[in-house]
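The values are calculated or read from the model by the stated rules, or taken from the named source; none is laboratory data. Owing to the predicted nature of the structure, the values given are computational and were not obtained by experimental measurement. In this analysis, Cβ positions are derived from the backbone assuming ideal geometry, glycine residues included, and neighbour counts consider all displayed protein chains. Just the protein is used for accessible areas: all its heavy atoms, side chains included, with ligands, DNA and RNA removed. Shrake-Rupley method; radii C 1.70, N 1.55, O 1.52, S 1.80 Å.
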Amino acid sequence: MKTITLGIFGGGTVGGGVVEILSQQKAVFEAQGICIEIKKLCVRDTGKKRDFQLPEETIVVSDFSKILEDEEIDLVVECIGGTTKAKDIVFESIKKGKSVVTANKALISAYLSELEALLAQYPKAGFGFEASVGGGIPIIHTLARDLVGDPIQKISGILNGTTNFILSKMEKEGADYAKTLKEAQDLGYAESDPTADIEGYDARSKIAILAKVAFGVVVEESSIFMKGISQITKEDFAYADLLGGTIKLLVVAEKKGNSFSIYVSPMIVPYSHNLAPIGGATNAVLIGSKYLSETVLVGQGAGRFPTANAIVSDILLIAHGVDVAAFSKKESLVKDDNIEGKFYIRMRIKDGLGIVRRVAECCEKAGVSIDSVQQLPIENPNDVPFVVTTDKTTLSAIEKVCEEVGRETFCLEKPFFMPIL
Ligand code: NAP
Ligand code: HSE
């Protein structure tokens, strides 16, 4: 029997789930010849009552060094989140030759190059981060191990459970935004600062990680085009419905020859598309690859057990000596920021004469061809949501249109735009 001694940082939604699964599945893992012992759990407040049962022998600490300096601990599970203290934990553990398993996409994405270099320096330290992208969906293992011989061309999909939960409730129930966010927080889906979910940062970290695993490129997060869902209104859902679709916060990374594009944005998704019915905190990833064509992975993208299950899977792989080699791809591709596609532009206008003509002029000037003009019957002439959709064009052309229309006196705020899938 091989014994793996763990030190777990974090006893919240995810950390608690890891403890529970390891306890419940102990006999199953022992039957595989692996005995996993949780020697220490590090939390902020050692006196807090936990919503999970700790094994009797586990010691609860709040001082990081009690785990980091413990030579008996050979694998560290990091579930505290953030990019400061968690960075010290992860980097220190690796330097001490301990393996690390983490769900922390913000950390991995911010320090991809440094982590890669450090792991190369300490080859004995295993590193698992399946839980960092797509919660319970095995996307990292699939890309790194199962599609190892299949060149990946495109990754797209829904990678944030909180926003998908909110958008699906807005679509189906006309639900109130703030109330639904609170529900997502109570269910343990949201990040400690939910702005990370709502404004797209969480999804951006995840697609940056997938771009490394799938294409071998390291992308500076701040350079990725990102738009969140805070500007989405119930009128957008009404217009999306008129256009035969719904709205989802999507991530896209696509390789074209020697270049690639990458972005996070709400998008109009036609009802006929695979992603349209994906509701709640469910995530879905579409992988476009040379030999397999399209592969779809769907599953729970957030929450205690789905995420903890991905962590446990990494612990087991490391215990069995399996190196997923998720960072092994390296390519130098040029990032193309001028995203191409059809777009939806929604303006809020004060009703008046000649507005459609003026908007059309701005489109013409920017070389943007209009596909449709949408206006629901006016309820309040002082604040009318008005929409145009475009033919295939570029992000820079759409930005020009929005800039110019936004300067018009009839326009109540800068127009909002999103791509159409
Ligand atoms: P959480 O419920 O807020 O739990 C955080 C835990 O970390 C708490 O137990 C807290 O201790 C502990 N902690 C925080 N700061 C600490 C410090 N300075 N020293 C010691 N302990 C500290 O967070 P979570 O939802 O489990 O998320 C953890 C990580 O998993 C994050 O990186 C998140 O992005 C990632 N993740 C979460 C989900 C999800 O669905 N929740 C899914 C995928 C990935 P106390 O309990 O004593 O306060
Ligand atoms: N806050 C994240 C989400 C957790 O809502 O998807 C999973 O990474």
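Can you go through Thr307, Thr295 and tell me which one is closer than 24 Å to Ile198 by Cβ and among the hydroxyl-bearing types (Ser, Thr, Tyr)?
Values: Thr295 fails: closer than 24 Å to Ile198 by Cβ.
One residue alone meets the criteria, Thr307.
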| field | Inter-residue pairs, beta-carbon under 6 Å, first closer than 18 Å to Lys414 by Cβ and in the range 349-362, second open to solvent by 80 Å² or more (accessible area, probe 1.4 Å), 6+ apart | value | Lys350/Asn382
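For every residue, the table says whether it meets (1) more than 16 Å from ligand 2 (Cβ to nearest atom); (2) touching a Pro at 6+ places or on another chain (Cβ under 6 Å); (3) outside the structural domain of Ala178 (by TED's automatic domain parsing).
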{"site": "Leu242", "(1), (2), (3)": "yes, no, no"}
{"site": "Ser289", "(1), (2), (3)": "yes, no, no"}
{"site": "Val298", "(1), (2), (3)": "no, no, no"}
{"site": "Thr307", "(1), (2), (3)": "no, no, yes"}
| query | So which pairs qualify, if the first residue must be in the range 231-242 and open to solvent by less than 40 Å² (accessible area, probe 1.4 Å), the second must be among the small types (Gly, Ala, Ser), the Cβ gap must be under 9 Å, and the two must be at least 6 apart or on different chains? | reply | Phe237/Gly174
| query | Of all the residues that make up the range 329-348, how many are surrounded by 19 or more Cβ atoms within 10 Å (Cβ to Cβ) and in contact with a Leu (Cβ under 7 Å, 6 or more places away or on another chain)? | reply | 1
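Among what's in the range 279-301 and is among the small types (Gly, Ala, Ser) and assigned to a strand (DSSP E or B), pick the residue that is nearest to ligand 1 (Cβ to nearest atom).
First, pick out the residues of the range 279-301 that are among the small types (Gly, Ala, Ser): 279-281, 284, 288-289, 293, 299, 301.
After this cut, where a residue has to be assigned to a strand (DSSP E or B) as well, the list is 284, 288-289, 293, 299.
On the way: Ala284: 16, Gly288: 24, Ser289: 25, Ser293: 29, Gly299: 12 Å.
Looking at residues that are among the small types (Gly, Ala, Ser) and assigned to a strand (DSSP E or B), I get Gly299.
Evaluate the following for Ser205: is it more than 22 Å from Pro415 (Cβ to Cβ) and out of contact with any helix residue (DSSP H, G or I) (no Cβ under 9 Å at 6 or more places or on another chain)?
Details: more than 22 Å from Pro415 (Cβ to Cβ): yes; out of contact with any helix residue (DSSP H, G or I) (no Cβ under 9 Å at 6 or more places or on another chain): no.
So Ser205 fails the test.
Out of the residues in the range 149-159 that are not hydrophobic (A, V, I, L, M, F, W, C) and not in a strand (DSSP E or B), state the one that is least open to solvent (accessible area, probe 1.4 Å).
As a first pass, look at the range 149-159 and keep what is not hydrophobic (A, V, I, L, M, F, W, C): 149-151, 153-154, 156-157.
Restricting the remaining residues to those that are not in a strand (DSSP E or B) gives 149-151.
Numbers: Gly149: 61, Asp150: 13, Pro151: 56 Å².
Looking at the filtered set, the residue picked out is Asp150.
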| Any chance Gly279 is at pLDDT below 95, small (Gly, Ala, Ser) and open to solvent by 20 Å² or more (accessible area, probe 1.4 Å) | no
| query | On the given criteria, is Ala106 modelled with pLDDT of 95 or more, of a type in the set (Gly, Ala, Ser) and surrounded by fewer than 20 Cβ atoms within 10 Å (Cβ to Cβ)? | reply | no
| Odd one out for Ser265, checked against (1) polar (S, T, N, Q); (2) open to solvent by less than 40 Å² (accessible area, probe 1.4 Å); (3) outside any strand (DSSP E or B) | (3)
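Counting only residues that are within 21 Å of Val19 (Cβ to Cβ) and open to solvent by less than 50 Å² (accessible area, probe 1.4 Å), how many does the range 66-103 have? Talk me through it step by step, then tell me what you get.
Residues of the range 66-103 that are within 21 Å of Val19 (Cβ to Cβ), as a first pass: 66-68, 70, 72-82, 85-86, 89-90, 93, 98-103.
Checking which are open to solvent by less than 50 Å² (accessible area, probe 1.4 Å) leaves us with 67-68, 70, 73, 75-79, 81-82, 86, 89-90, 93, 98-103.
The total comes to 21.
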| Mind checking which residues of the range 188-210 are touching a strand residue (DSSP E or B) at 6+ places or on another chain (Cβ under 8 Å), near ligand 2 (Cβ under 10 Å from one of its atoms) and of a type in the set (A, V, I, L, M, F, W, C)? | Ala203
| note | Picked from the range 249-278 (must be of a type in the set (A, V, I, L, M, F, W, C) and in contact with a Gly (Cβ under 8 Å, 6 or more places away or on another chain)), the residue farthest from ligand 1 (Cβ to nearest atom) is Ile268
| Can you tell me which residues in the range 302-327 are over 14 Å from Phe129 (Cα atoms) and assigned to a loop (DSSP other than H, G, I, E, B)? | Ala302, Gly303, His320, Gly321
| message | Here is a check on your reading of the model: is Ala175 of a type outside the set (Phe, Trp, Tyr), in contact with an Asp or Glu (Cβ under 9 Å, 6 or more places away or on another chain) and within 16 Å of ligand 2 (Cβ to nearest atom)? | response | no
